[in-house]
Amino acid sequence: MKVYFQDLTVHSSKRFELIDITWKVEEAVAASGIRNGLCLVYAPHATAAIIANEHESGLLYDLLAKVRELFPEGAGYRHDRIDDNAHAHLASAFLASSRIFPVRDGRLVRGTWQNILLVEADGPRTRRVVVEVLGES
Ligand code: ZN
């Protein structure tokens, strides 16, 4: 079995933002030379998350609106006494900081309406996204 790693650097420019990293992940899968296996997409951050869904402007707005509704800022969280970003920790914890995709015939398997999106909930920041591809070449 072969293992390939690539770290992506993603810059957010707003406090809440969805950033499409699909093509970067697909480039990493292509660079891996792995034909069949799995691709882990992991954000090593406690205040961001990774999701897979449609990159359509209305839906991107709806997704962020829902994140802000589910995890409102300044809702009396204890963690806000330390650094005022408890809402982002909660969003990261419940949305999850990683997703796994199949790799088949050298390509990432995803639905037509499943782009890979970094959920920024405490930007602007520079985020690292770890792409790890495991499988047979
Ligand atoms: Zn914090």
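Residue-by-condition table, conditions (1) within 16 Å of the ligand (Cβ to nearest atom); (2) modelled with pLDDT under 95; (3) charged (D, E, K, R); (4) touching a strand residue (DSSP E or B) at 6+ places or on another chain (Cβ under 8 Å):
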{"site": "ALA75", "(1), (2), (3), (4)": "yes, no, no, no"}
{"site": "HIS87", "(1), (2), (3), (4)": "yes, no, no, no"}
{"site": "ALA91", "(1), (2), (3), (4)": "yes, no, no, yes"}
{"site": "SER98", "(1), (2), (3), (4)": "no, no, no, yes"}
{"site": "TRP113", "(1), (2), (3), (4)": "no, no, no, yes"}
{"site": "ILE116", "(1), (2), (3), (4)": "no, no, no, yes"}
{"site": "ALA121", "(1), (2), (3), (4)": "yes, no, no, yes"}
{"site": "THR126", "(1), (2), (3), (4)": "no, no, no, yes"}
Output the number of the condition that PRO72 fails; it satisfies all remaining conditions of (1) closer than 17 Å to LYS14 by Cα; (2) under 19 Å from the mean Cα position of the chain (by Cα). (2)
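Looking at the stretch 69-110, which of its residues are among the aromatic types (Phe, Trp, Tyr) and touching a residue at least 60 places away in the same chain (Cβ under 8 Å)?
Within the stretch 69-110, the subset among the aromatic types (Phe, Trp, Tyr) is 71, 77, 94, 101.
Result: PHE101, single match.
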Go through (1) out of contact with any Gly (no Cβ under 6 Å at 6 or more places or on another chain); (2) surrounded by 14 or more Cβ atoms within 10 Å (Cβ to Cβ) one by one and return the number of the condition GLU136 breaks. (2)
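Listed here are the residues, each with its yes/no results for (1) within 15 Å of the ligand (Cβ to nearest atom); (2) farther than 18 Å from GLY111 by Cβ.
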position	(1), (2)
ALA28	no, yes
HIS45	yes, yes
ALA48	yes, yes
LEU59	no, no
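The values are calculated or read from the model by the stated rules, or taken from the named source; none is laboratory data. Since the structure is predicted, the reported quantities are computational estimates derived from the model, not experimental observations. Glycine also receives a Cβ, built like all others from the backbone with ideal geometry; neighbour counts cover every protein chain displayed.
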